Amino acid sequence: MGIPDEREARAGQDMRVLPFEAADFLAAIVASSDDAIVSKNLSGVITTWNKGAERIFGYTADEAVGQPITIVIPEDRKNEEPSILARIQAGERVDHFETVRRRKDGTLIDISLTISPIVDSRGRIIGASKIARDISDSKRHADERELLLRELHHRIKNLFSVTGSIIALAARSAATPGELALEMRERLSALARAHEITLPTLTGHALENRETSLFQLLSSILAPYGQDDRKPWTLSGEDVTLQQGTVTNLALLFHEFATNSSKYGALSVENGTLDIRAAALADRLEIVWLEANGPTCSDVPPASSSGFGRILEATLSQSLNARIERTWMPAGVSIHVVLNEVTTK
């Protein structure tokens, strides 16, 4: 083996922490830590309190040292301290114990605690050191992710439930498999359009619901009936923001109106027009669906009380707590819809 280079020896010596510097070095680590590093005696009285503890809990070292550690423990968590002290006295270490503590201003904070016994030179346990890490952000993100999953589960479950109901109703009234397929395709397309405009966006770790207005919903449903720049329909009156839970049912209801109009009413002829007017009153929303320049009443097949459309309409009316009245006129139909509790508060 060769003789170590003098420069290497000096470098190795510079990298070494000399024994007499160790205490100061460790003290500097504790002082500069972002985590709260606290010590207490076996009676639960605080003996040291670093800058991290000041930042997290709001008490200065002068305010905290000499006080019982219970100054940062909420009333409903006071039973944790005797258990922790008993484990420390038994020489146990407590790793990553997640709990809640209270700041000086009274606000609560989620923390992760690691607690270790402090042993003197004779091997006796004389106290405990605590390292507390603020986990409020990670806890909030975890809660938001859980909320996100529950919300997605709820929406998907509702969507399948609505789809199942539509299939069951359509199967009763469809004369042929082709007719059933056509009806299902049209109604599922309406559902897809409603779902698209109400699909929440993901902001950070949480779902943020999009606001959906009545006119936005109607425009989406009626869009397929426009040609080039010409829209045979107009919207007037008061646009309102709809409650999220009512949008799907409203989409299906207006889709039924539009489908009937495209088969037998104003949307089935070139010069037909549709005027939809909305009025938001104190306790209800009133909508008038007014068709004009359509086929004459003699050309319109009589309404069937047992057809799929009417069964679906009755089901939706009950779900929406709505009242629907039709008036047949020479060149079209007027549908008066009264809706309760469908707008946002």
* **Condition check for Asp95: loosely packed, with under 14 Cβ neighbours inside 10 Å and acidic (Asp, Glu)** => yes
* So Leu169, is it surrounded by 14 or more Cβ atoms within 10 Å (Cβ to Cβ), under 30 Å from Val247 (Cβ atoms), modelled with pLDDT of 75 or more and more than 24 Å from the chain's Cα centre (by Cα) -> no
* Quick one: would you say Gly52 is within 17 Å of Thr114 (Cα to Cα) and modelled with pLDDT of 90 or more? -> yes
* Mind checking which residues of the range 16-44 are part of a helix (DSSP H, G or I) and either at pLDDT 85 or above or touching a helix residue (DSSP H, G or I) at 6+ places or on another chain (Cβ under 7 Å) (or both)? -> Ala31
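Rundown of residues vs (1) modelled with pLDDT of 85 or more; (2) farther than 22 Å from Gln244 by Cα, yes/no style:
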site: Arg122; (1), (2): yes, yes
site: Ile125; (1), (2): yes, yes
site: Ile131; (1), (2): yes, yes
site: Ser136; (1), (2): yes, yes
site: Ala142; (1), (2): no, yes
site: Arg145; (1), (2): no, no
site: Leu159; (1), (2): no, no
* Considering only the range 64-87, how many residues are hydroxyl-bearing (Ser, Thr, Tyr) and either surrounded by fewer than 10 Cβ atoms within 10 Å (Cβ to Cβ) or without any contact (Cβ under 8 Å) to a residue 24 or more places away in the chain (or both)? -> 1
* Look through the range 31-63, keep the residues that are among the hydrophobic types (A, V, I, L, M, F, W, C) and surrounded by 18 or more Cβ atoms within 10 Å (Cβ to Cβ), and return whichever of them is farthest from the chain's Cα centre (by Cα). => Ile46
* Restricting the search to the range 233-254, which residues are assigned to a helix (DSSP H, G or I), among the hydrophobic types (A, V, I, L, M, F, W, C) and closer than 15 Å to Asn340 by Cα? -> Val247, Leu250, Leu253
* Limited to the range 197-234, what total is found for residues that are of a type outside the set (Phe, Trp, Tyr), closer than 24 Å to Leu285 by Cβ, modelled with pLDDT of 70 or more and open to solvent by 50 Å² or more (accessible area, probe 1.4 Å)? -> 5
* **Residue satisfying all of: in the range 269-294; part of a loop (DSSP other than H, G, I, E, B) and open to solvent by less than 30 Å² (accessible area, probe 1.4 Å); modelled with the highest pLDDT among these** => Gly272
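The values are calculated or read from the model by the stated rules, or taken from the named source; none is laboratory data. The model shown is predicted, which means the values in this text are computed figures rather than measured ones. Glycine also receives a Cβ, built like all others from the backbone with ideal geometry; neighbour counts cover every protein chain displayed. Only protein heavy atoms, including side chains, enter the accessible area calculation; ligands, DNA and RNA are left aside. Shrake-Rupley method; radii C 1.70, N 1.55, O 1.52, S 1.80 Å.
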